[in-house]
Amino acid sequence: MVVVLTLLINLLVKYGLGLDKLVYNFYAEQLAKDQLENLLEAQQKWAWVGYVIIPLMVLIRAVW
């Protein structure tokens, strides 16, 4: 139950807050457009890692 709740919160934060827009607006003045697009692509490429690590950490914590 905790794992599902954690994943739902993670998804809500990412999509509910429009995280891509926030990141884009934050870095817009500091990076060139292509650098910013590469950054967002890399974040999307590695986003699945968070969805795997969170349940593993919760399970490890529950066992120990």
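The values are calculated or read from the model by the stated rules, or taken from the named source; none is laboratory data. Note that the structure is predicted; figures quoted are calculated from it, not measured. So basically every Cβ, Gly included, is an ideal-geometry build from the backbone, and we count neighbours across all protein chains shown.
Figures for the structure shown
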item	result
Those residues of the range 6-50 which are in contact (Cβ under 8 Å) with a residue 40 or more places away in the chain and among the hydrophobic types (A, V, I, L, M, F, W, C), in sequence order	Leu7
Some residue of the range 3-26 being among the acidic types (Asp, Glu), within 16 Å of the chain's Cα centre (by Cα) and modelled with pLDDT under 85	yes
